[in-house]
Amino acid sequence: MQSLSTISLHQSLISVAQRSGRRIQTLLDTVPVERENAWAAQCQTAHSNLLNRFSDLETSFSQVGNISVWDDEARGDLDAEEKTIDTSNEVETEANKISQQQAQRLDQLTIDHARVVQVVMGAISREDSGANMMVASMSGVVDSSSDSSAHVPDKQNAQTAFSVLEELSQASKGIIPSMELDDNILTALMQRVADDKTNIMRRMRFRLRQISVAQSTIQRVLSSHSVLRDALAQQSDNMMHLEHIPEFTSSYRHFLSEVRRRRAYGIAVTSLAAEMIERMASMRVDEVKERERFLRGPGQHLMPAFFDIFAPTLASPPPLFAPHVPAMAELDTLPDVGTDIDFAEEQVVSVGETSGNNSISDEERNRDQIESVKSRINSVSMDAGDKGECAASGDDQDQQGLIVSADETSSNELMETYHEQRVAAEAERNTLAYENTVLRQAIERLGGKSPRTYVQQSRAKDKINQAEHAKAADKNKRVTQINSSLESRILSLENELAIERKKVDQSMVLMKRTTDEQLSETCDKISHSSFEVGDVGLFMPTGRGSGGKRTYLAFHSNCPHRYLCTESVDGTPDYVLGRIIYQAEKSAGPLGSKENPFGLHIGTKFWVLTVEVIKIP
């Protein structure tokens, strides 16, 4: 903008500004410097804020989308899953083995139990028969010899039964220790299962915490993205004002060209109107002369009826044509900034500047305009040539007429003819000047330099374009190769990712089966002594607020001034329970201002918390 102070305005523009009571001498004097500086400062501040927020956004995105970290986590989950599967297989194998052993022991115990029952029942039956015989002997039915012989077999049978039971007891002596050993094995297996379950629960809880943090980070990234979008829109609005400054110099030159073209148009229109009026006045003079010649000649011998009835207008001269041509007041208001020749000497416009500002449609329109102006110039030139020839032939005829009848012409008629021709020539000259101005302005839009310069620049540009095309072809070839390799790599990574996701899903399903009860009992802690991103806060209404909304303050202990962002909740609930996703530290400004929406003392620090609502009544 400082370069504008070195470009002086045209003297006529300076004079116009002085007549209006203002002092404007350079292009810088026409620029609202304070507003432009304010817009520039806003753009710089917005740009720095955008860079900072973009760096924060990039950091958050790198934390969320760090593939190496998640690869390590997935590998750890896979190892834990394999360990769990190994433990499950081992437990299943041991359980099957113990089950088979228990089945064998059960069969042996069943057989032994049946034999014991058989032996005991046999011994009892024989004892009952011996008792009956003793009753019979006491009644005198059996003699003493038979009594003694009956007692001996009973003792032998009892001894035999006890020996059989002893053998069965010795045979099943190792069953109890083996069952105790199985109990110890089962206890160890249950301990391993419990330890693995504890580890899985810890890993799952840690993973859920990571998921919660990732969700909070994603919400923060989305919030930062919306803030970046709003800041970018504001910066674009400010840049719309600043982008006029780089184009101001070329626009000023085009403004001078436009003023010259407009003045040439006004002068051409005025000249054409004057020419038309002069020609019509000349035709009326000729008509008056011919009428007087008729009235002095053959008209003297006509009867009055011809002038009163048949052609009453012949008795009076032709009507005077005096059109009211609107005055070109614009010529008085437009400053005189010189001719096109003077402007061409001062014109310095770079090809790069104009080519960057003109589109293809503008160039085509300018070419069409140049062709139309050329055709008009050619037609005007031909008309001028024809008029010149007609004027020459007319001069010859006039000279012959003067030779034949010198008394019919006078010096006044010759002066009128000369004046008419001079007005016509002036009108044609002004028309050509206007069309020349239009043609020059169209050429300036296309580049503003001589044809030779264009040829040289076109050749140099062609060489540069050929070199750039060769570089672009090589670059495209390399990019194609890199893209093909990247695509193959991406496909392989996607396949690996699908396999890993499948394994992770399986492990999550397995963990969910084993931990449904504990998951139902887990809950988040409500923060009250410290507030960090990801914590859960309870916000209660304070009764103050504006615009139909309540002001919500976080439930705390020695952590005051934690207010809920008004955009985080709709309506006026009795309380809000939400997870903190962003908190902004601020300092209270003057009372009643935007910097102090909660009516705090000046300089008091307060925090505005943005939360993800978990529960509202």
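Out of the residues in the range 160-219 that are modelled with pLDDT under 85 and among the basic types (Lys, Arg), which is nearest to Lys97 (Cα to Cα)?
Ranking the qualifying residues of the range 160-219, first place goes to Arg192.
Do you know which residues across the range 289-306 are surrounded by 12 or more Cβ atoms within 10 Å (Cβ to Cβ) and assigned to a helix (DSSP H, G or I)?
Selection gives Lys289, Arg291, Glu292, Arg293, Phe294, Leu295, Gly299, Phe306.
Ser99 - would you say it is loosely packed, with under 15 Cβ neighbours inside 10 Å, at pLDDT 80 or above and touching a helix residue (DSSP H, G or I) at 6+ places or on another chain (Cβ under 9 Å)?
So Ser99 fails the test.
For the range 31-38, indicate whether the set of residues that are surrounded by 14 or more Cβ atoms within 10 Å (Cβ to Cβ) and modelled with pLDDT under 80 is non-empty.
Yes, the conditions are met somewhere in the range 31-38.
Just to be sure, is Arg459 out of contact with any Lys or Arg (no Cβ under 8 Å at 6 or more places or on another chain), modelled with pLDDT under 85 and loosely packed, with under 10 Cβ neighbours inside 10 Å? Write out each step before concluding.
Values: out of contact with any Lys or Arg (no Cβ under 8 Å at 6 or more places or on another chain): yes; modelled with pLDDT under 85: yes; loosely packed, with under 10 Cβ neighbours inside 10 Å: no.
So Arg459 does not fit the description; no.
Looking at the structure I just gave you, is Arg263 free of Cβ contacts under 8 Å to residues at least 24 places away in the same chain, out of contact with any strand residue (DSSP E or B) (no Cβ under 6 Å at 6 or more places or on another chain) and in the same structural domain as Thr431 (by TED's automatic domain parsing)?
Judged against the criteria, Arg263 is not a match.
Restricting to the range 564-608, and then to whatever is acidic (Asp, Glu) and within 21 Å of Pro541 (Cβ to Cβ), can you tell me which residue is modelled with the highest pLDDT?
Among those residues, the one meeting the criterion is Asp574.
Looking at this structure, is Ser250 more than 30 Å from Ile14 (Cα to Cα), among the small types (Gly, Ala, Ser) and surrounded by 14 or more Cβ atoms within 10 Å (Cβ to Cβ)?
no
The values are calculated or read from the model by the stated rules, or taken from the named source; none is laboratory data. Quantities reported herein were computed from a predicted structural model and do not represent experimental measurements. Positions of Cβ are backbone-derived with ideal geometry, glycine not excepted, and every protein chain shown enters the neighbour counts.
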